[in-house]
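To start, the structure itself, in structure tokens.
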Protein chains: 2
Amino acid sequence: MTAAEVPVGPRPDPATLDNARRALSDLLGADRVHTGDDDLAQHGRDESFHPAARPDVVVWPRSTEEAAAIVGVAAAHRVPVVPFGAGTSLEGHVAALAGGLSVDMREMNAIGRPSIEDLDVSVEAGVTRRALDARLRPEGVFFSVDPGADATIGGMIATGASGTTTVRYGAMRENVISITFVDAHGQVIRTHSRARKSSAGYDLTRLMIGSEGTLGLICEATLRLHPTPEAIAAAQSTFPSLEAAVQCVVMVSQHAIPVARIELADELQIQAINRHNQTAFTVAPTLFIEFHGGSAAEVEAQARDTAELAAECGGSDFAWASDEAERRRLWHARHGAMEATRAMRAGSGALTTDVCVPVSTLADCISATQADIAEHGLMASIVGHVGDGNYHVIVLVDPGDAAEVARGEEFHARLVRRALEREGTCTGEHGVGYGKARFLVEEHGRPAVEMMRAIKRALDPDGIFNPGKGAGAASL
Amino acid sequence: MTAAEVPVGPRPDPATLDNARRALSDLLGADRVHTGDDDLAQHGRDESFHPAARPDVVVWPRSTEEAAAIVGVAAAHRVPVVPFGAGTSLEGHVAALAGGLSVDMREMNAIGRPSIEDLDVSVEAGVTRRALDARLRPEGVFFSVDPGADATIGGMIATGASGTTTVRYGAMRENVISITFVDAHGQVIRTHSRARKSSAGYDLTRLMIGSEGTLGLICEATLRLHPTPEAIAAAQSTFPSLEAAVQCVVMVSQHAIPVARIELADELQIQAINRHNQTAFTVAPTLFIEFHGGSAAEVEAQARDTAELAAECGGSDFAWASDEAERRRLWHARHGAMEATRAMRAGSGALTTDVCVPVSTLADCISATQADIAEHGLMASIVGHVGDGNYHVIVLVDPGDAAEVARGEEFHARLVRRALEREGTCTGEHGVGYGKARFLVEEHGRPAVEMMRAIKRALDPDGIFNPGKGAGAASL
């Protein structure tokens, strides 16, 4: 989808923008209101294949109070507010489709003192996943959600991120206790207390998770932590077919083996990984697995049980390692999947997308996807968080080749519809941004999308928050 | 709070009610539109201490389509719709404060075929927890949420129920995949596909969970299941003080021992249990614990590790049993806590309430609560889902003794404020109904409650769904 097709309001007129800029200069000082070419170009683009769109101004708030004042200015002048984190989103979330303000949250990067008794920590929205990990490691606790990219916590909340560890620890939805955000009137709202659970009023926390910057500007969050496991081991196994690999995942789940990660890579993905990392994995459908436990004996038992199930499904080469270096090597390979695939063909762009289906339909769905890749004459690899039924397709597309781009887009629409036909969703963890908003009515039906739009109108009546994105932008 | 204090709209006038009744008779047949005294009395009352309020009519839909048509009639005539499940709620949720229709969901009690591969099952809203359990047991799977009462699934969604197993398996929020409900226009909406996770649009599933019947009529749900554990064991241990018992819970959590339940009962609660069940538990702060695992060895290891931590905290009499009869006896005692307390003083009503706080503040909070019970000259027991920081107080109050009722209400307000001061919530799992709506602004702040009210107005502009309850009814 190109930016021009997206139904957004007109850009603010020059006089309005001038007034807003002046008000921001009064608030922050002129030197903190950025309009340079590089800043504008960088802030209109994410890692997706979707066309970029520049904002008119970039600001970097340093506190929630400052963020509230910035939104206050935007609201007074009816100028769009587009939140910016690490720019790692994949559905065009940060593109300023109607211009306005890009609010870069990366100077709000404070991490509070983690509570080891309550297993929680409060952070500002601009904290990145790796920075948080480094801060928590010496405390013997960790934040479990790992989407691969070094995203900011605010961005992970906005897109409803999940990733490799969701199968055991849950997604952002299960690991965010409370969110502090600025609403469309410039008011600061905290969604929830520090209690582990509550039934007091509507669940604003989960409403904000996955809201893609369209309902408010996320500034702070209290996150749930887990104790660092005493023992960790990693394993891999190759399978004669995708079906066999997926069958193994289903059995692991039925046997309640609490795997911490269980990831599938298809043949092309393994080739790409081998080439990119100078590894020598057998080129076959492969599961990468991680085990967490309270003792070496416990992870050993999990690995042994899993090896048995893998063997029952025709898996071979089951290899496991509790050695940290070996483990890191393995997950480094898995996490570099997108880069590795991109490196297969220099100059290509990557149309990276994800869908999620009931696990019982996963093998069939992936096989049909592989056939469709071949039919469309595309080069594309598949990796998946298969414990959740979630898989990603990375399609190499030459942006200069209009025919290939068109084939890529057609393939993409078929991929989504195949998931919807199998009672799945158009996106498991990337969000819809402006790349997938058009599928929402097909997925949820018109009354559900009308309800989402009613929520958007009620909470952001002037439509200042991230126009053209998410449920608020879905055409009926 | 008495019904008279709650800000609700006027009851429908007699002519409007007549018209609505006629339309319902046309739809369902006159014999299915109930207006008998017993029906009306039964449907205006839950298990709480709050004054009952009769509806004008009771209907029992048999399908989602019928439920949608019923809401359509109510919407056309602007007549209130109050959903009714098992009537086990504790904050006056089913009281028809502005009259209208009570919609009893218990004839919608179909259970679909559970999917063992996907670990999910679709059910109608009137299915009770125990009926579901009986249906799932032979399949080797179970639905984990256990609030104690034999509530309906629809009611458990509406109140955001959780209960004893939340510490390991999560609350309704984590175990409902999708909800089908009727909106204020009589349209049927399904919130989510059958995929395990999704980032496609706003999270309507969690918006409905805990919405207390104020945003729509919940008709069906797809629930997440877990494999029945191969091995289960139960344990109990007594402690020299509440602080010691809570310290043990904190350590269990820090050591990531995956206890399935960990419940605290105070001295008075143990006395009540002993009296009611002819048991002979030591009268002291007691933890009841359940372990789930893949093998006898695994639960034994969990029990051993927990026993060590209990001993470190001064716990004694650590006893564990893998024998099912013994286990059931123990949990029967725990689940009958409310009944047992009530039986302590014949003729008393029970003001049953819950709050939830960060676990680090729990011991202090419970101790202060015990002191306050004494200071108010009340008889009240405490039980808690302490792994979550959630505890219940069951206050015996003679409804005929106005002074005691007043002391009970004062104690209750102090209990809530104590939780709020410690960054907790006014209710962990009961909801606010019309008993606690007045605390929402204190807990969340005015802008958050304004946001909740804006959502209510946007989705139910005529205010037909459960008037006077929840966030929509909170005064500012």
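Every number in this text was worked out from the coordinates using simple rules, so none of it is lab data. Note that the structure is predicted; figures quoted are calculated from it, not measured. For neighbour counting, all protein chains shown are included, and Cβ atoms are generated from backbone atoms with ideal geometry for every residue, glycine included.
Using per-residue counts of other Cβ atoms within 10 Å, averaged over each peptide, order B:287-293, A:374-380, B:348-354 from highest down. Write down the numbers at each step before the final one.
Working: B:287-293: 24.7, A:374-380: 16.0, B:348-354: 22.1.
Put in order of decreasing packing, that is B:287-293, B:348-354, A:374-380.
For the pairs B:Lys436/B:Lys456; A:Lys469/B:Lys456; A:Lys436/A:Lys456; A:Lys456/B:Lys456; B:Lys197/B:Lys456; A:Lys436/A:Lys469, flag any whose C-alpha to C-alpha distance is greater than 21 Å. Listed pairs above 21 Å: A:Lys469/B:Lys456; B:Lys197/B:Lys456. Compactness of the range A:371-410 is given as radius of gyration and Dmax, 11.7, 37 Å, from Cα positions. Given a Förster distance of 51 angstrom, what is the FRET efficiency for A:Asp133 paired with B:Asp13, based on the Cβ-Cβ distance and rounded to 0.05? Given R0 = 51 Å and the Cβ-Cβ separation, E is 0.20.
Between copies, the label points of A:Ala41, set 7 Å from Cα on the Cα→Cβ line, lie 8.0 nm apart, reported in increasing order to one decimal in nanometres. The other copies place their B:Arg137 label points at 5.0 nm from this one, listed shortest first, where each point is 7 Å from Cα along Cα→Cβ.
Summary of the geometry: the range A:238-256 and the range A:432-450, compared by the centres of their Cα atoms, lie 32 Å apart. Taking 0.36 nm per residue of sequence separation and removing the Cα-Cα distance, the B:Asp31/B:Arg457 pair yields an extension gain of 149.9 nm. Using the Cβ-Cβ distance between B:Ser241 and B:Thr279 with R0 set to 25 Å, the FRET efficiency works out to roughly 0.70.
With Cα atoms as the point set, the radius of gyration and Dmax of the protein assembly as shown evaluate to 27.6, 84 Å.
Summing Lys, Arg as +1 and Asp, Glu as -1, what charge do residues with Cβ under 14 Å from the Cβ of A:Leu330 carry, A:Leu330 excluded?
On the way: positive: A:Arg261, A:Arg327, A:Arg328, A:Arg329, A:Arg334; negative: A:Glu263, A:Glu290, A:Asp317, A:Asp323, A:Glu324, A:Glu326.
In short, -1.
What number, in percent, do you get for the relative contact order of chain A if the mean sequence gap of Cα pairs under 8 Å and at least 6 apart is divided by its residue count? Present the calculation step by step, with values, prior to reporting the outcome.
Numbers: 1046 pairs, mean separation 76.0, N = 476.
It rounds to 16 percent for chain A.
Residue by residue, the range A:449-458 carries 3J(HN,Hα) couplings of 6, 4, 5, 4, 5, 5, 5, 4, 5, 5 Hz when phi is fed to the Karplus relation 6.51 cos²θ - 1.76 cosθ + 1.60 (θ = phi - 60°); x denotes Gly or Pro.
Database remark: amide H of B:Arg261 closer than 5 angstrom to the amide H of B:Glu290 (H placed geometrically; neighbours at sequence offset of 5 or more, or on other chains; Pro and chain starts carry no H).
In the range B:244-270, which residues have a backbone nitrogen under 19 Å from the label point lying 7 Å from A:Glu230's Cα in the Cα-to-Cβ direction? Backbone N within reach: B:248-260. Remark on B:Ala161: its backbone amide H falls under 5 Å from those of B:Met172, a criterion applied only to residues 5 or more positions apart or on other chains, H modelled at 1.01 Å from N. Rounded to the nearest 5, the antiparallel percentage of DSSP beta bridges internal to the range A:71-191 is 60%.
Summing +1 for each Lys or Arg and -1 for each Asp or Glu, what net charge is found among the other residues whose Cβ lies under 9 Å from the Cβ of A:Thr64? Summing Lys and Arg as +1 and Asp and Glu as -1 gives -4. Label-point spacing at A:Asp317 relative to the other copies reads 5.9 nm, in ascending order, each point sitting 7 Å out from Cα along Cα→Cβ. In terms of other Cβ atoms within 10 Å, A:Val359, A:Val432 run from fewest to most in the order A:Val359, A:Val432. For the range B:402-476, the extents of the C-alpha atoms along the principal axes are 40, 29, 22 Å, listed from largest to smallest.
Using the Karplus relation 6.51 cos²θ - 1.76 cosθ + 1.60 with θ = phi - 60°, the per-residue 3J(HN,Hα) values for the range A:22-34 come to 4, 4, 5, 5, 4, 6, 10, x, 4, 6, 9, 10, 9 Hz, with x marking Gly and Pro. Panel order for B:Phe84, B:Phe239, by other beta carbons found within 10 Å of each beta carbon, from fewest to most: B:Phe239, B:Phe84. With all pairs of different C-alpha atoms in the average, the Kirkwood value for the hydrodynamic radius of chain B is 23.0 Å.
Once you treat every alpha carbon in the range A:32-153 as an equal point and sum by Debye, what is log10 I(q)/I(0) at q = 0.10, 0.16, 0.17, 0.20 Å⁻¹? Here the Debye-derived log intensity ratios amount to -0.35, -0.81, -0.88, -1.08.
Please work out how much length the chain gains when fully extended from B:Glu423 to B:His255, using 0.36 nm per residue of separation minus the C-alpha to C-alpha distance, in nm with one decimal.
Gain on stretching B:Glu423 to B:His255: 58.1 nm.
With contributions of -39500 (n - 2.57) from each DSSP H run of at least four residues, the per-residue ellipticity at 222 nm computed over the protein assembly as shown stands at -11000 deg cm²/dmol. Cβ screening of chain B for cysteine pairs under 4.7 Å finds these without a partner: B:Cys219, B:Cys356, B:Cys365, B:Cys426.
Taking the charge dipole of the range B:389-476 about its Cα centre, with +1 at Lys and Arg Cβ atoms and -1 at Asp and Glu Cβ atoms, the residue from B:Gly472, B:Phe411, B:Pro399 reaching farthest to the positive side is B:Gly472.
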